[in-house]
Amino acid sequence: MKVVLFANTDWYLYNFRRSLALALQAQGFNVLLLSPPGEYGARLQALGLRWQPVPMDRRSLDPLAELRVLAWLVALLRREKPALVHGFTIKCAVYGSLAARLAGVPARVNAVAGMGYVFTSNDLKARLLRPLVRALMHVALDGRRARLILQNPDDVALFTRARLVHPDRIRLVPGSGVDCARFTARDASAAPSTPLRVLLAARLLWDKGLAEYVAAARRLRGEGRAISFLLAGDPDPGNPAAVPVATIQGWADEGVLQWLGHVDDMPALLASVDVVVLPSYREGLPKGLIEAAACALPLVTTDVPGCREVVTGGVDGLLVPVRDAGALADAIARLQDDPALAARLGQAARKRAMAEFDERSVISRTIAVYRELLP
């Protein structure tokens, strides 16, 4: 039985869904991975997975180009004859589902993290596209032979209020899961580094809270605190919220932070830091926070959908208001001043990560959604 996994980057497939693809393959499924071309396609193939590039530009708004992509997908699905198509992110969910309907694919599963740029931005372009995308989402995501996977209760409520999908067809699965066995717990008795090492690891987008992180770093450094601020991640020029490379390099040149770029070995990086922060404006379910939690690191994040599903304030991390650099700085300072609190929060975070977010549970729940639709 063939299953197609379709995402807007090969990086996403490799970092977030390769374990699902390998688990499906181990259970006897024939798995085909689709995404625009990129360097991670070869890595997926090296794992024994079948990956095929799609002639799609995730930044394109050209109607004729988008129709050509849709026609290409329809032709591919008619040749491959999968039993199910699983799309990730709104664009791939819509295109994959529309193509699956036109190609006669029996079942459709879609996973989206929030409503995406078109619904969250007030840009004129986003507002103009909203009615069209809403109509397409309703056609693509709903249906008796379709399921929508969401990552947190806030998104379930959001989609239910929007009436884009019948509530009976929504399933809550917490993220893509983390292989917690790869991440070693920090020694609770170990003293913090001097200077304290604070990490933000994310795609370099404004809505990940980069401006607030930089402002907090400037304030704490200005107070004379011994803290090193690290930033891990690559720019994402295909995203309207991307931070320009020149801006990031400027922060590094100023000395306010150290920019590490893309980091492949996250377990090693997390083992070298003392605190992990994510001052994001909204998330589906942030994998980076869960990986840090699995390392028993104290977490500081915003009290927003997705983040508050990983951190309960004062229990397994600290929550701060969104877009509040001062509160972020205060939380980091609190952890530096109280190592016992930092250690206690980190140990509680690891316990929760192991219990709720291990990838084996997430993969099992995802495949259970497939089983609802497959013969």
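The values are calculated or read from the model by the stated rules, or taken from the named source; none is laboratory data. None of the values given here were measured: they were computed from a predicted structure. Using ideal geometry, Cβ is built from the backbone for each residue, glycine included, and neighbour counts are taken over all protein chains shown.
Structure notes:
- Of Ala271, Ala329, Ala293, all but one fail to be on the phi < 0 side of the Ramachandran plot and surrounded by fewer than 23 Cβ atoms within 10 Å (Cβ to Cβ); the exception is Ala271.
- Residue ranges of helices (runs of 4 or more DSSP H) in segment 307-375 with at least 1 members of a type in the set (Phe, Trp, Tyr) and farther than 26 Å from Ala217 by Cβ: 359-373
- Taking residues in segment 6-33 that are under 18 Å from Ala202 (Cβ atoms) and of a type in the set (Phe, Trp, Tyr), and partners anywhere that are buried (at least 18 other Cβ atoms within 10 Å of the Cβ) and at pLDDT 95 or above, the pairs with Cβ atoms closer than 6 Å and at least 6 places apart or on different chains are Trp11/Tyr40; Tyr14/Tyr40; Tyr14/Leu44.
- Given (1) in contact with a helix residue (DSSP H, G or I) (Cβ under 7 Å, 6 or more places away or on another chain); (2) surrounded by fewer than 20 Cβ atoms within 10 Å (Cβ to Cβ); (3) within 30 Å of Asp155 (Cβ to Cβ), index of the condition Gln258 fails: (3)
- Checked against (1) of a type in the set (A, V, I, L, M); (2) at pLDDT 80 or above; (3) assigned to a loop (DSSP other than H, G, I, E, B), Met115 passes all but a single condition, namely (2).
- Filter pass, Ala157 being under 24 Å from the mean Cα position of the chain (by Cα), surrounded by fewer than 17 Cβ atoms within 10 Å (Cβ to Cβ), assigned by TED's automatic domain parsing to the domain that holds Leu20 and small (Gly, Ala, Ser): yes
- Residue list for segment 142-164, restricted to those being of a type in the set (A, V, I, L, M, F, W, C) and within 15 Å of His86 (Cβ to Cβ): Ala146, Leu148, Ile149, Leu150
- From Val315, Val304, residue being under 13 Å from Arg344 (Cα atoms) and surrounded by fewer than 24 Cβ atoms within 10 Å (Cβ to Cβ): Val315
- Checklist (1) closer than 28 Å to Asp179 by Cβ; (2) more than 19 Å from the chain's Cα centre (by Cα) applied to Ala340, failing item: (1)
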